[in-house]
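Peer 1: Before I ask anything, here is the structure I am working with.
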Amino acid sequence: MTTIIIEPGFIQPPSVEPPFLRQPTGSVLFGELSRHLMALAQGRAQQCMNHWVTAIMLVLLALSGLALFHPAFFFLTNLFGGGSWTRILRPYFGIVLTLSFGTLARRFWTQNRISIADYEWMHHIRDTLAMRDNALPEAGRYNAGQTYLFWTMVLVIALLFAGGVVIWQPRFASLFPATLLRIAMLVPELAAFVLIAGIIVHIYTAISIKRSIRVMTRGTVTVAWAQQHHAGWYRETGRSAK
């Protein structure tokens, strides 16, 4: 089946040998296009790896946070070697998450600008929940749900990082007044609730929409999938590939 590579501007049907691969090995054209293809493959691999590191850190932070949030969940500290190790490791999970998501956000920052089409897409949220794709307006590379989740994560992870630094004992907590420490303990808890809810929705949609997991594991989607779920992006990619 024809596949469309996630990097915009490049469509390749794998069942047909691309013309440039039939060029002599020593030709300039073969070398340039081969390097371009390799760069695209490396870019997809980096995106997938970046996404998985972010996802794993979110899970670790959620589990360690629940373990320290209420005694009913304290048994989760056994996953990290006990209560002491949970407290020691948790700040470093947060640092890795911030760096990983920061790299991801920088890559996708300009591609997630909220547009009028996003507002129109949100007006059809009931059609989205009912999986009535034909009733939805065209989506670009990212639909409104993905765009809003992206900006929610940008805000929430920034709050989590800032709050985590303030209450990090014994490194920084002694540098801040008691009032700020109380605020720093409350705000991250609320932010974490919003983040966990958003991630649950994100995982649900990834599982419920067929072949969506392929994006995270291969970095590619089928043309049929792109036409159905992101028709605007598919047309833009097709035009840029001509």
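Peer 1: Would you be able to tell me the number of residues in segment 27-64 that are at pLDDT below 90, surrounded by 14 or more Cβ atoms within 10 Å (Cβ to Cβ) and more than 19 Å from the chain's Cα centre (by Cα)?
Peer 2: Number satisfying all stated conditions: 4.
Residue-wise test of (1) farther than 21 Å from Ala206 by Cβ; (2) over 22 Å from the mean Cα position of the chain (by Cα); (3) at pLDDT 90 or above; (4) surrounded by 17 or more Cβ atoms within 10 Å (Cβ to Cβ).
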position: Thr110; (1), (2), (3), (4): yes, no, no, no
position: Ser115; (1), (2), (3), (4): yes, no, no, no
position: Asp118; (1), (2), (3), (4): no, no, no, yes
position: Met131; (1), (2), (3), (4): no, no, no, no
position: Gly145; (1), (2), (3), (4): no, no, no, yes
position: Gly164; (1), (2), (3), (4): yes, no, no, yes
position: Gln169; (1), (2), (3), (4): yes, yes, no, no
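Peer 1: Considering only residues of segment 196-221 that are surrounded by 16 or more Cβ atoms within 10 Å (Cβ to Cβ) and at pLDDT below 75, which is farthest from Ala45 (Cα to Cα)?
Peer 2: The qualifying residue farthest from Ala45 (Cα to Cα) is Val221.
Peer 1: So Val156 passes all but one of these: (1) modelled with pLDDT of 85 or more; (2) more than 25 Å from Thr205 (Cα to Cα). Which condition number does it fail?
Peer 2: Condition not satisfied by Val156: (2).
Peer 1: Which residue out of Thr152, Thr110, Thr103, Thr147 is farther than 24 Å from His229 by Cα and among the polar types (S, T, N, Q)?
Peer 2: Only one candidate qualifies: Thr103.
Peer 1: How do the pairs read when you match residues in segment 226-242 that are at pLDDT 65 or above with residues anywhere that are outside any helix (DSSP H, G or I) and surrounded by fewer than 19 Cβ atoms within 10 Å (Cβ to Cβ), using Cβ under 6 Å and keeping only pairs 6 or more apart or on different chains?
Peer 2: Final answer for the pair search is Ala231/Glu138; Gly232/Glu138; Trp233/Arg141; Thr237/Pro8.
Peer 1: Yes or no: segment 122-141 includes at least one residue that is among the basic types (Lys, Arg), in contact with a helix residue (DSSP H, G or I) (Cβ under 6 Å, 6 or more places away or on another chain) and in contact (Cβ under 8 Å) with a residue 12 or more places away in the chain.
Peer 2: There is at least one residue in segment 122-141 that is among the basic types (Lys, Arg), in contact with a helix residue (DSSP H, G or I) (Cβ under 6 Å, 6 or more places away or on another chain) and in contact (Cβ under 8 Å) with a residue 12 or more places away in the chain.
The values are calculated or read from the model by the stated rules, or taken from the named source; none is laboratory data. Because the structure is predicted, anything quoted here is derived from the model rather than measured. Positions of Cβ are backbone-derived with ideal geometry, glycine not excepted, and every protein chain shown enters the neighbour counts.
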